[in-house]
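Just below is one structure, and these are the notes that go with it.
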Amino acid sequence: MNLKGKVAIVTGGGRGIGRAIVLKLASLGCNVAFNYVKNKEAAASLEKEVQKLGVKCQSRSVDIKDFAKVKEWVDFIKEEFGGLDILVNNAGIIVDKALMLMSEEDWNSVIDTNLNGMFNASRAVIVTFLKQKSGHVINISSVSGLIGLPRQTNYSASKGAMNAFTKSLAKEVAAYGIKVNAIAPGFIETEMLSEFSDEQKQKILDMIPLGRMGSVHDVTGCVEFLLSDAAQYITGQIIQIDGGLAIR
Ligand code: NDP
């Protein structure tokens, strides 16, 4: 597949799954902009790595929770890159705790980042996509939003809402040629998993039919597929990439 001349925005692209998506899109010829919140070094080194692939790449520290700043950034990228074709809503955090110990801040930070952040970026691109009658929105959700996981009431709620948003928006904009899908990964080896102890990781492994954690490449392969001609007739789907963890 060739995405030469296309422009993508990847939220939370500096590390982990977002970083791998940025690299995948760039390797397909796509110009890519991504934001991060605090890890400037990771973002700067990725930006250089991507530019070496011969495409445009720009990173900026923009808190995905800030509606006005996200809009300003998206408008800037559209102007600077000369268009906008793809939005990957990837920025996300976990603050895992039993509900009885969860503070208002623990709840709000996860909902504000994962759910409201997706709204902020989607709202910022949608008028452009509607006007041009094309565009892709890919939301990085989680199986936690489908089956619920203990100590993740905040995270499961945010991801479940992302899934519902995906279906609702897909129906709303399908007539304009815009595709909206979500990828729901299971456990993918990134820094996010460093919060889990070895014992917790072993328990997780025991639950995965394919017997391994996922890699970021398992996710990027699906992003590539969703953007390809082979997926032209797919919208409003929540695609599980979880080694069978949450087969329902
Ligand atoms: P990482 O923690 O490795 O990376 C998260 C990225 O999001 C970082 O680049 C971080 O920026 C950015 N980010 C966090 N908060 C904000 C914010 N407020 N504004 C802008 N950027 C922000 O996470 P993963 O790569 O593991 O996860 C990526 C997505 O995939 C998340 O939505 C997550 O919920 C989802 N997911 C992950 C799974 C996993 O097992 N890893 C499983 C299922 C879903 P900075 O570098 O500045 O910190």
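A short reminder: the numbers here are calculations on the coordinates, not readings from a lab. Computed from a predicted model, the values in this text were never measured in an experiment. Virtual Cβ from ideal backbone geometry, glycine too; neighbours counted across all protein chains shown.
Of the cross-linked pairs 48/78; 40/65; 56/159, which ones have a Cα-Cα span greater than 26 Å in the structure shown?
Working: 48/78 20 Å; 40/65 18 Å; 56/159 31 Å.
Those over the limit are 56/159.
Write down, largest first, the equivalent ellipsoid semi-axes of the range 1-43 in whole Å, where each equals the square root of 5 times an eigenvalue of the alpha-carbon gyration tensor.
Numbers: eigenvalues 79, 17, 9 Å².
Semi-axes from the Cα gyration tensor: 20, 9, 7 Å.
What ratio of Cα Rg to 2.2 N^0.38 Å holds for the chain? Don't skip to the answer; put the middle values down first.
Values: Rg = 17.2 Å, N = 248, 2.2 N^0.38 = 17.9 Å.
After normalising by residue count via 2.2 N^0.38 Å, the value is 0.96.
Amide H neighbours of residue 238 under 5 Å, at least 5 residues apart or on other chains, H built in the peptide plane: list them.
Excluding prolines and chain starts, which carry no amide H, the hits are 182.
Students often forget the sequence filter, so: which aspartates and glutamates lie under 20 Å Cα-Cα from residue 201 once same-chain residues fewer than 8 apart are removed?
In chain and number order, the partners are 96, 189, 191, 218, 242.
Rg and Dmax of the range 88-191, using alpha carbons, in Å: what are they?
Calculated on Cα positions, Rg and Dmax stand at 14.5, 48 Å.
Percent of Cα-Cα pairs per 10 Å bin, from 0 to the last occupied bin, for the range 44-149, please list those.
Result returned by the calculation: 13, 37, 32, 15, 3, 0.
With unit charges on the beta carbon (Lys/Arg positive, Asp/Glu negative), name the residue among 114, 150, 163 whose Cα is farthest towards the positive pole of the charge dipole of the chain.
With unit charges placed on the Cβ atoms, the residue in question is 163.
To the nearest 20 debye, what is the magnitude of the charge dipole of the range 1-84 about its Cα centre, counting +1 on the Cβ of each Lys and Arg and -1 on the Cβ of each Asp and Glu?
Working: 15 positive and 9 negative charges, 49 e Å.
Result for the range 1-84 is approximately 240 debye, rounded to the nearest 20.
Say the dipole of the chain comes from +1 at the beta carbon of Lys and Arg and -1 at that of Asp and Glu; which of 230, 125, 184 then lies farthest toward its positive end?
Toward the positive end, the furthest listed residue is 230.
So if I take the alpha carbon set of the range 123-248, get Rg, then get Rh from the Kirkwood formula, what is the Rg over Rh ratio? Walk me through the numbers on the way to the answer.
On the way: Rg = 15.8 Å, Rh = 15.5 Å.
Across the range 123-248, the Cα-based Rg/Rh ratio is 1.02.
What order, most packed first, do the peptides 108-121, 160-173 have when packing is the mean number of other Cβ atoms within 10 Å of each residue?
Numbers: 108-121: 21.7, 160-173: 17.9.
So the order, starting with the most tightly packed, is 108-121, 160-173.
For the range 1-75, what percent of Cα pairs sit more than 17 Å apart?
Numbers: 1038 of 2775 pairs.
Beyond 17 Å sits 37 percent of the P(r) for the range 1-75.
Pulled fully out, how much extra length does the chain show between residue 106 and residue 203, if you take 0.36 nm times their separation in residues and subtract their Cα-Cα distance? List each step's numbers first, then the result.
Working: separation 97, 0.36 × 97 = 34.92 nm, distance 2.47 nm.
In short, 32.5 nm is gained.
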